[in-house]
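The structure under discussion appears below in the form of structure tokens.
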């Protein structure tokens, strides 16, 4: 028996480790994005996000000033401290720091230890002490102060600048509002239409009901791609064109099969007694639907609403086709995929922040409504 | 008019219109066309009840017909015409497509996606569902693995661009390679295998879906079957693969087909990650290269996707009909 118990414990550890690895694999990429959105461009380029909580060596460039030049015994000398240079002051607010290494050119940035003396490429010598004070000597006067490249220990720092840029300066605020404008009507309208149809398919008897349900199941899998060209042409010919109205209609149409299917599956499961009892009492179908079915179906309505909201919020394809491409009506996904990735392809901080802003709302919806989402998934798939 | 106000008006008009339509049409049916009074009361009530389902169904059927059923036919017809839409060229677009090497690559990649993504997502989902049931922190683990479901494909692509970034100070993969002394490489430019790196993004998103459904199915398995197997001396693996998996096979197939359908729709990942370069096009992304430029070609590609979906569609309808009986 001991043996079996031991084995179980071993298994338990193994299970824990496997799950931990999986969870980390699933979580780390998102954390990377989240952390990166709080780092500025230089930090992102210089060290991985996983180093951000630690004090690390970062690369900097300071410029000495020829105004500080003095002549001592025929030698021209510039003295100063790299940490007081305005271009690095942002990272060293006290004007103090510790030099890890330095060099006279960007390529030799870590060639010299503090206290050593380096030959400058244009003649003269450069000495940088650990506390950042430097001394440049040359037998000719300097036209302009030479640049000093150095590595310094930098404490962790996070910034909200990316958010400021993304939210207020980059048109992302507009895209955010556009996304909301697309998502909310496109969520509410199909629910209503689908609820009536689902009730008819679940509780009313009429010829061809089975066929209609089969048709809905079939339409559930029709690829969106098929609809793009014919519908855009249709919209153009009836004067809707590429517009918000067009995308609402499109999302309504594309969301309906799932809505009808989910709601019907749920409504069929409601107790027959209640509905028949109401009918005996003289309630009409319309009254039964409004007074009994709708309130009882709230969980299913909520779960479809979550699906549809996530889907319309996250959608790129429908927005690219049915909305005009100008920045006035861009939604966030289009803005990120077409605008930011193109023009700011190298600015990872801005990209990360924009992505996180677009992800934030679905995540909030997701974590607050997870219960309904799971219920909806189960109703939609397992029957 | 700003779109926000337009949106609010649309909500009011839309919701009001729907409610108004249903209420008014029922009222007209009951009071005007077939009033429940006079000499034909009984017959009128019966007739009204025969018409009513169609009143309830009409808006949904109209929208479904216009937005999903009509495009199947419309796209096919359009794909038989040339770029301008005036000249009938039969299967010309399809023939041209199949002679393009990019299209053939896209078809091959798409088949790979259809094979790999559902298999991996279902398998990992199943493993997580099984393992997390036995953990004290299982629910938290499930929540975290489920989370990518809420993230857009574009957002997920950006997240993974960071992971794959060809820079040891940016991408975690290259950072690990760097610490092992390997040269930096761009995973997205490694021919053929880059497809799998893209697929993994979708697996990452969809595993949570598989996990949630399979976890519910696993809980539904009768305890007795498992106890009996344990008494007969089955070990954990045997219980899992020989007792549990066969009992939830139906659910596994449903999850598998659902993810398969999704795979055939997703163009966002390829579009944001590589734009189809380096041999990574799949049919949906390939279609977008023709969208707005050549409707004939675009619809032809879309119809090829439809043909790929068809087996799943037929199977789904059959399942649904079986359940109704």
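The values are calculated or read from the model by the stated rules, or taken from the named source; none is laboratory data. Keep in mind it's a predicted model, so treat the numbers as computed, not measured. Glycine also receives a Cβ, built like all others from the backbone with ideal geometry; neighbour counts cover every protein chain displayed.
Among the residues making up the range B:59-81, a single one is more than 8 Å from every other protein chain (Cβ to nearest Cβ), buried (at least 17 other Cβ atoms within 10 Å of the Cβ) and closer than 16 Å to residue A:227 by Cβ: B:79.
Of A:105, A:84, all but one fail to be in contact with a strand residue (DSSP E or B) (Cβ under 7 Å, 6 or more places away or on another chain) and surrounded by fewer than 17 Cβ atoms within 10 Å (Cβ to Cβ); the exception is A:105. When the residues of the range A:189-211 are filtered to those that are free of Cβ contacts under 8 Å to residues at least 12 places away in the same chain, at the interface with another protein chain (Cβ under 7 Å from one of its Cβ atoms) and in a helix (DSSP H, G or I), the one that is surrounded by the fewest Cβ atoms within 10 Å (Cβ to Cβ) is A:210.
Being in a helix (DSSP H, G or I), in the same structural domain as residue B:116 (by TED's automatic domain parsing), without any contact (Cβ under 8 Å) to a residue 40 or more places away in the chain and farther than 30 Å from residue B:278 by Cβ holds for only one residue in B:254, B:239, B:245, and it is B:239.
If you go through the range B:154-176 and pick out every residue that is more than 7 Å from chain A (Cβ to nearest Cβ), surrounded by fewer than 20 Cβ atoms within 10 Å (Cβ to Cβ) and assigned to a loop (DSSP other than H, G, I, E, B), you end up with 3. Determine, yes or no, whether residue A:244 is facing chain B (nearest Cβ under 10 Å) and under 30 Å from residue A:327 (Cβ atoms). Considered against the rule, which asks whether it is facing chain B (nearest Cβ under 10 Å) and under 30 Å from residue A:327 (Cβ atoms), residue A:244 comes out as yes. Only residues that are touching a residue at least 24 places away in the same chain (Cβ under 8 Å), surrounded by fewer than 24 Cβ atoms within 10 Å (Cβ to Cβ) and in a helix (DSSP H, G or I): list them for the range A:225-252, please. Correct list: A:232, A:235, A:244, A:246.
Scanning the range B:263-289 for residues that are part of a helix (DSSP H, G or I) and facing chain A (nearest Cβ under 7 Å) yields a total of 5. Screening residue A:179 on (1) in contact with a helix residue (DSSP H, G or I) (Cβ under 9 Å, 6 or more places away or on another chain); (2) more than 18 Å from residue A:59 (Cβ to Cβ); (3) buried (at least 17 other Cβ atoms within 10 Å of the Cβ); (4) away from chain B (no Cβ under 14 Å) shows it passes everything except condition (4).
What about residue B:196, is it touching a helix residue (DSSP H, G or I) at 6+ places or on another chain (Cβ under 9 Å), within 13 Å of another protein chain (Cβ to nearest Cβ) and assigned to a helix (DSSP H, G or I)? The answer is no for residue B:196.
Residue count for the range A:297-339, restricted to those that are assigned to a helix (DSSP H, G or I), under 16 Å from the mean Cα position of the chain (by Cα) and surrounded by 20 or more Cβ atoms within 10 Å (Cβ to Cβ): 10.
Test residue A:35 against the criterion of being surrounded by 12 or more Cβ atoms within 10 Å (Cβ to Cβ), more than 30 Å from residue A:81 (Cβ to Cβ), at pLDDT 80 or above and at the interface with another protein chain (Cβ under 8 Å from one of its Cβ atoms), and give yes or no. No: the conditions fail for residue A:35.
Considering A:42, A:57, A:68, the condition of being within 14 Å of chain B (Cβ to nearest Cβ), surrounded by fewer than 19 Cβ atoms within 10 Å (Cβ to Cβ) and in contact (Cβ under 8 Å) with a residue 60 or more places away in the chain is satisfied by A:57 alone. A single entry from B:56, B:103, B:34 fulfils the requirement of being surrounded by 14 or more Cβ atoms within 10 Å (Cβ to Cβ), facing chain A (nearest Cβ under 10 Å) and in contact (Cβ under 8 Å) with a residue 12 or more places away in the chain: B:56. Is it the case, given these coordinates, that residue B:228 is more than 13 Å from chain A (Cβ to nearest Cβ) and touching a residue at least 60 places away in the same chain (Cβ under 8 Å)? For residue B:228, the condition - more than 13 Å from chain A (Cβ to nearest Cβ) and touching a residue at least 60 places away in the same chain (Cβ under 8 Å) - is not met. The sole residue among B:165, B:236, B:216 that is more than 30 Å from the chain's Cα centre (by Cα) and more than 18 Å from residue B:119 (Cα to Cα) is B:236. Kindly indicate whether any position in the range B:43-52 is buried (at least 16 other Cβ atoms within 10 Å of the Cβ) and facing chain A (nearest Cβ under 8 Å). Scanning the range B:43-52 turns up at least one residue that is buried (at least 16 other Cβ atoms within 10 Å of the Cβ) and facing chain A (nearest Cβ under 8 Å). Considering A:349, A:342, the condition of being assigned to a helix (DSSP H, G or I), in the same structural domain as residue A:233 (by TED's automatic domain parsing) and surrounded by fewer than 22 Cβ atoms within 10 Å (Cβ to Cβ) is satisfied by A:342 alone. State whether one or more residues within the range B:279-301 are over 30 Å from residue B:69 (Cβ atoms), surrounded by fewer than 21 Cβ atoms within 10 Å (Cβ to Cβ), touching a residue at least 40 places away in the same chain (Cβ under 8 Å) and assigned by TED's automatic domain parsing to the domain that holds residue B:161. For the range B:279-301, residues over 30 Å from residue B:69 (Cβ atoms), surrounded by fewer than 21 Cβ atoms within 10 Å (Cβ to Cβ), touching a residue at least 40 places away in the same chain (Cβ under 8 Å) and assigned by TED's automatic domain parsing to the domain that holds residue B:161: present.
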